[in-house]
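> One structure is given below, represented as structure tokens, and several questions about it will come after.
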Amino acid sequence: MPETPQRPASNLPPLSLHIPEPRYRPGDTPDFGDIEVPAVEAAPRPSEATKPDAMRELSYGLVRVLDFDGHAKGQWDPKLSPERLRTMLRNMMLTRAFDDRMFRAQRQGKTSFYMKCTGEEATSVASTMAIDRTDMVFPSYRQQGILITRDYPLIQMMNQIYSNRGDHLLGRQLPIMYSAPEHGFFSVSGNLATQYPQAVGWAMASASKGDSRIATVWCGEGSSAEGDFHSALTFATVYNAPVIFNVVNNQWAISSFSGFAGGERTTFAARAVGYGIAGLRIDGNDPLAVYAATQWAADRARTNNGPTLIEHFTYRSEGHSTSDDPSAYRAADEATAWPLGDPIARLRQHLETLGEWDAERHEAQARELDDLVKTTQKQSEKLGILGHGMHQPFETMFDDVFEELPWHLKEQCAQMLAEQEAKFGPNWKPE
Amino acid sequence: MMSAETQTATKTMNMIEAINSAMDVMLERDPNMVVMGEDVGFFGGVFRATAGLQKKHGKTRVFDTPINECGIIGVAVGMGAYGLRPVPEIQFADYIYPGLDQLVSEAARLRYRSAADFICPMTVRTPFGGGIFGGQTHSQSPESIMTHICGVKTVIPSNPYDAKGLLIAAIEDNDPVVFLEPKRIYNGPFSGYYDRPVEPWSKHDASAVPEDYYRIELGKAATVRAGEALTILVYGTMVHVTKTIVEEMGIDAEIIDLRTLLPLDIDAIEASVKKTGRCLIIHEATRTSGFGAELAALVQERCFYHLEAPVERVTGFDTPYPHSLEWAYFPGPVRIATALTKILKD
């Protein structure tokens with residue numbers, strides 16, 4: 001290490017390096033009183049064709065529809081029918097019920113890994129309801145609400161989580177890295193933000209073919225620091241690609257708070273400003289705001305008015321995954337102190353305010369969904385669980401590296417089969 | 001060799017023209033193919049490989065991109081998922097590294113991780129290799145890095161006829177292919193003597209290139225010269241350097257142009273080495289963990305009891321490619337002749 005250099009005579013203070021630090025750590029009492037929550041009516045809703053530089057303030061404000069008394073207000077109110085609102089509530093509740101049960105399954109040793117989206121259900125459910133069923137989504141790893149909203153069979157999600165005989169990905173992927181082309185859901189990578197330029201490429205292809213479908217893509221505020229994010233925004237603005245960029249700002253990337261992605265300096269929606277892309281910063285715990293913003297961005301993309309970046313300002317109520325303990329790095333009460341509440345509670349309150357829902361129906365639906373998940377789980381577990389070993393024929397390990405098996409993989413496959421036979425005997429079959 | 005159905009009119013082409021013709025033919029045949037990269041559109045590429053293609057096939061089929069290799073390859077992966085057949089150009093192989101994660105973790109593994117729900121039928125074209133005073137950032141040979149990626153095929157042509165047939169096969173392949181173009185021989189085969197005039201491709205048989213569609217199957221090596229004294233495994237620019245030195249020394253060498261490094265034509269290698277009992281491997285890339293190491297291992301695993309001398313490697317040195325001293329780096333006539341003498345002495 002070089003010696004500390006002699007400073008020239010100067011009246012300047014020495015340089016100092018800033019290392020971001022979250023305001024609250026374990027043991028602290030969180031107070032989010034300084035988070036600015038503008039009035040519901042404050043954000044104007046410009047036309048979908050508005051030039052990005054004429055709507056910059058929306059990258060720094062907060063688009064809201066639901067007030068804290070359960071009323072939908074302002075220019076962004078999507079005015080959904082009670083039936084649609086109930087569907088939205090049901091999808092969010094089903095997502096939460098699914099998360100709770102799968103988290104428990106991991107704790108019971110039935111699988112290796114799980115990730116919940118508790119508190120963030122609105123971001124994927126309401127967003128998916130606002131786009132067409134044929135639009136293509138490029139998810140990150142916390143968008144199970146998209147599959148649930150598109151009625152992807154729960155049992156297929158569970159089979160994937162268990163890597164069991166029913167897992168159409170043949171046990172190759174970590175739990176929750178789903179792939180569902182028939183449901184417009186791209187294969188989840190596990191590498192962060194790599195899907196961002198891919199979604200732009202898909203959208204560019206759609207535009208070049210004169211198609212009408214658009215793409216949406218997801219990342220967290222933490223992974224917006226990846227180079228891929230910036231590559232994607234560059235290509236999207238250059239080619240005016242019909243794509244919606246979603247940044248779920250849930251405040252935490254494992255144990256790193258949003259300050260390590262630049263959140264102390266500006267909003268994540270403001271990343272759009274420098275690229276000349278429309279940016280919307282929205283209340284991600286307000287399902288109607290998520291719906292309205294996505295609908296606006298989808299209309300914009302579909303009419304050749306270009307991409308939109310939506311920052312969903314929300315809070316990750318639970319750990320990053322089953323592999324971390326959030327009480328080790330953040331204050332215990334942050335989720336309850338979060339000023340924007342819980343998305344399920346807020347939509348329920350809205351429906352009750354409208355006279356379209358009540359406590360009895362809510363409890364009955366919660367029980368119904370819990371039973372549905374439980375019953376499906378039993379069916380899935382009949383096809384095996386990861387905790388009980390391997391369920392796929394060994395040789396499938398070599399399939400799909402290439403379309404056709406080249407000689408070196410054939411040789412390696414033969415070697416592996418001989419090893420397994422030596423270990424388990426000639427009559428061994430997958431469970 | 002051309003089959004009966006591909007006996008069409010031929011034209012004298014250099015490698016650039018043959019590569020251009022392959023893309024032209026495929027853009028015509030496949031409405032889903034697109035060509036993209038830095039400067040490839042209006043200008044036609046810094047090496048002119050895409051000259052005229054945008055004018056002929058339109059701006060949505062052949063277009064310029066931002067200077068962003070991560071974006072180029074990432075966008076191509078998404079286009080492939082949509083159903084297009086992208087052929088991105090990375091301007092120099094030295095610049096592929098910013099796009100390497102999209103290649104290694106995404107393009108190469110998409111078929112596997114999604115159990116073929118999604119595939120990546122992409123061909124990344126990129127000029128590689130030195131001998132053009134390109135310095136350390138325009139001369140590298142990264143082929144061994146490519147062959148280390150599971151799920152990518154690596155192809156290196158050594159003449160115009162092969163370049164067109166192999167590129168068409170690569171474009172039609174439903175898996176990602178890295179197509180490395182030896183830029184030192186774009187305009188003519190290189191003898192290894194940098195102080196002699198370059199012979200144009202028109203004097204070489206392989207410059208007679210059919211104007212229409214034809215394929216050369218990936219994974220098949222070509223015997224450039226049959227012989228009994230030893231087997232030389234080589235590819236790209238070094239095929240021609242090797243041939244020059246072998247002929248000068250009057251050695252009855254069997255020269256095998258690998259053409260595809262992965263999947264490798266192991267049968268051709270095995271048959272030749274078992275016949276000759278000696279094996280020399282020549283590449284321009286740096287030595288340590290170079291593709292020659294893989295070849296040497298395979299030869300000793302499969303042909304050990306037929307070998308009459310240790311397997312030898314002639315390679316570039318383990319330094320960055322030096323600018324002014326590039327001919328001291330390059331595995332030229334002296335290095336090759338020394339190795340030939342050594343391997344044949346016992």
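The values are calculated or read from the model by the stated rules, or taken from the named source; none is laboratory data. In this text the structure is predicted, and so the values were computed from the model without any measurement. Ideal geometry is used to build each Cβ from the backbone, glycine not excepted, and the neighbour counts take in all protein chains shown.
> Which of the residues belonging to the range B:209-268 are of a type in the set (S, T, N, Q) and either free of Cβ contacts under 8 Å to residues at least 24 places away in the same chain or within 17 Å of A:PRO406 (Cβ to Cβ) (or both)? Don't jump to the end; show me each part of the working.
Narrowing the range B:209-268 to residues of a type in the set (S, T, N, Q): B:223, B:231, B:237, B:242, B:244, B:260.
Answer for the range B:209-268, where residues must be of a type in the set (S, T, N, Q) and either free of Cβ contacts under 8 Å to residues at least 24 places away in the same chain or within 17 Å of A:PRO406 (Cβ to Cβ) (or both): just B:THR260.
> Using the structure shown, decide if A:ALA207 is in contact with a Pro (Cβ under 8 Å, 6 or more places away or on another chain), surrounded by fewer than 24 Cβ atoms within 10 Å (Cβ to Cβ), within 9 Å of another protein chain (Cβ to nearest Cβ) and of a type outside the set (Val, Ile, Thr).
Working: in contact with a Pro (Cβ under 8 Å, 6 or more places away or on another chain): yes; surrounded by fewer than 24 Cβ atoms within 10 Å (Cβ to Cβ): yes; within 9 Å of another protein chain (Cβ to nearest Cβ): yes; of a type outside the set (Val, Ile, Thr): yes.
Judged against the criteria, A:ALA207 is a match.
> Within the range B:199-208, restricting attention to residues that are modelled with pLDDT of 95 or more and touching a Pro at 6+ places or on another chain (Cβ under 8 Å), which residue is farthest from B:ARG335 (Cα to Cα)?
B:SER207
> Restrict the check to the range A:328-343 and report whether at least one residue is surrounded by 15 or more Cβ atoms within 10 Å (Cβ to Cβ) and hydroxyl-bearing (Ser, Thr, Tyr).
yes
> Next up: Checking the structure you have, find out if any residue of the range B:165-185 is among the aromatic types (Phe, Trp, Tyr) and either more than 12 Å from the chain's Cα centre (by Cα) or part of a loop (DSSP other than H, G, I, E, B) (or both). Break it down stepwise before answering.
Our first condition is that a residue be among the aromatic types (Phe, Trp, Tyr); within the range B:165-185, this holds for B:179.
Among the residues that remain, those that are also either more than 12 Å from the chain's Cα centre (by Cα) or part of a loop (DSSP other than H, G, I, E, B) (or both) are: none.
Within the range B:165-185, not a single residue is among the aromatic types (Phe, Trp, Tyr) and either more than 12 Å from the chain's Cα centre (by Cα) or part of a loop (DSSP other than H, G, I, E, B) (or both).
> From the list A:THR194, A:THR234, which one is under 21 Å from B:THR65 (Cβ atoms), surrounded by fewer than 22 Cβ atoms within 10 Å (Cβ to Cβ) and of a type in the set (Ser, Thr, Tyr)? Walk me through it before giving the result.
Numbers: A:THR194 fails: surrounded by fewer than 22 Cβ atoms within 10 Å (Cβ to Cβ).
Among A:THR194, A:THR234, only A:THR234 is under 21 Å from B:THR65 (Cβ atoms), surrounded by fewer than 22 Cβ atoms within 10 Å (Cβ to Cβ) and of a type in the set (Ser, Thr, Tyr).
> A follow-up question, please. Just need a number here: residues in the range B:49-66 that are facing another protein chain (nearest Cβ under 7 Å) and at positive phi.
So the first thing to find is which residues in the range B:49-66 are facing another protein chain (nearest Cβ under 7 Å), and the list is B:60, B:66.
Filter once more, keeping what is at positive phi: none.
So the answer is 0.
> If you check A:PHE398 against the conditions, is it without any contact (Cβ under 8 Å) to a residue 60 or more places away in the chain, in contact with a Leu (Cβ under 6 Å, 6 or more places away or on another chain) and within 30 Å of B:LEU110 (Cβ to Cβ)?
Details: without any contact (Cβ under 8 Å) to a residue 60 or more places away in the chain: yes; in contact with a Leu (Cβ under 6 Å, 6 or more places away or on another chain): yes; within 30 Å of B:LEU110 (Cβ to Cβ): yes.
It is true that A:PHE398 is without any contact (Cβ under 8 Å) to a residue 60 or more places away in the chain, in contact with a Leu (Cβ under 6 Å, 6 or more places away or on another chain) and within 30 Å of B:LEU110 (Cβ to Cβ).
> Give me the residue from the range A:208-233 that is assigned to a helix (DSSP H, G or I) and hydrophobic (A, V, I, L, M, F, W, C) and, out of that set, farthest from B:GLY83 (Cα to Cα). Before the answer, list the steps.
In the first step, residues of the range A:208-233 are kept if they are assigned to a helix (DSSP H, G or I); the result is A:208, A:223-225, A:227-233.
Cutting the leftovers down to hydrophobic (A, V, I, L, M, F, W, C) gives us A:225, A:229, A:232-233.
Details: A:ALA225: 29, A:PHE229: 23, A:ALA232: 19, A:LEU233: 22 Å.
The extreme case among them is A:ALA225.
> I would also like to ask the following. Filter the range A:168-178 down to the residues that are within 22 Å of the chain's Cα centre (by Cα) and more than 9 Å from chain B (Cβ to nearest Cβ), then identify the one that is surrounded by the most Cβ atoms within 10 Å (Cβ to Cβ).
Only one residue fits best here, namely A:TYR178.
> In addition: Does the range B:210-239 hold any residues that are crowded, with 24+ Cβ neighbours inside 10 Å and at negative phi, and which are they? Let's see the steps before the verdict.
Residues of the range B:210-239 crowded, with 24+ Cβ neighbours inside 10 Å: B:230-239.
Those that are crowded, with 24+ Cβ neighbours inside 10 Å and at negative phi: B:LEU230, B:THR231, B:ILE232, B:LEU233, B:VAL234, B:TYR235, B:THR237, B:MET238, B:VAL239.
> In the range B:166-202, how many are out of contact with any Gly (no Cβ under 8 Å at 6 or more places or on another chain) and without any contact (Cβ under 8 Å) to a residue 40 or more places away in the chain?
Final tally of qualifying residues: 3.
> Can you tell me which residue within the range B:270-297, out of those that are touching a helix residue (DSSP H, G or I) at 6+ places or on another chain (Cβ under 6 Å) and in a helix (DSSP H, G or I), is surrounded by the most Cβ atoms within 10 Å (Cβ to Cβ)?
Here the residue is B:PHE291.
> Restricting attention to strands (runs of 3 or more DSSP E) lying wholly within the range B:209-269, give those where 2 or more residues are modelled with pLDDT of 95 or more, farther than 19 Å from B:LEU307 by Cβ and touching an Asp or Glu at 6+ places or on another chain (Cβ under 7 Å). Don't jump to the end; show me each part of the working.
Details: elements: B:222-225, B:230-234, B:253-257, B:260-262.
Once the strands (runs of 3 or more DSSP E) in the range B:209-269 are filtered for at least 2 residues that are modelled with pLDDT of 95 or more, farther than 19 Å from B:LEU307 by Cβ and touching an Asp or Glu at 6+ places or on another chain (Cβ under 7 Å), what remains is B:222-225.
> Additional query: Out of curiosity, is A:LEU192 of a type outside the set (Gly, Ala, Ser), within 7 Å of chain B (Cβ to nearest Cβ) and assigned to a loop (DSSP other than H, G, I, E, B)?
Numbers: of a type outside the set (Gly, Ala, Ser): yes; within 7 Å of chain B (Cβ to nearest Cβ): no; assigned to a loop (DSSP other than H, G, I, E, B): yes.
Against the criterion (of a type outside the set (Gly, Ala, Ser), within 7 Å of chain B (Cβ to nearest Cβ) and assigned to a loop (DSSP other than H, G, I, E, B)), A:LEU192 does not qualify.
> Next up: Mind checking whether some residue in the range B:298-307 is touching a Lys or Arg at 6+ places or on another chain (Cβ under 8 Å), surrounded by fewer than 16 Cβ atoms within 10 Å (Cβ to Cβ) and in a helix (DSSP H, G or I)? Spell out how you get there, then give the answer.
As a first pass, look at the range B:298-307 and keep what is touching a Lys or Arg at 6+ places or on another chain (Cβ under 8 Å): B:303, B:306-307.
Applying the additional criterion that residues be surrounded by fewer than 16 Cβ atoms within 10 Å (Cβ to Cβ) yields B:306.
If we keep only those that are in a helix (DSSP H, G or I) too, we end up with B:306.
Yes, the range B:298-307 has at least one match.
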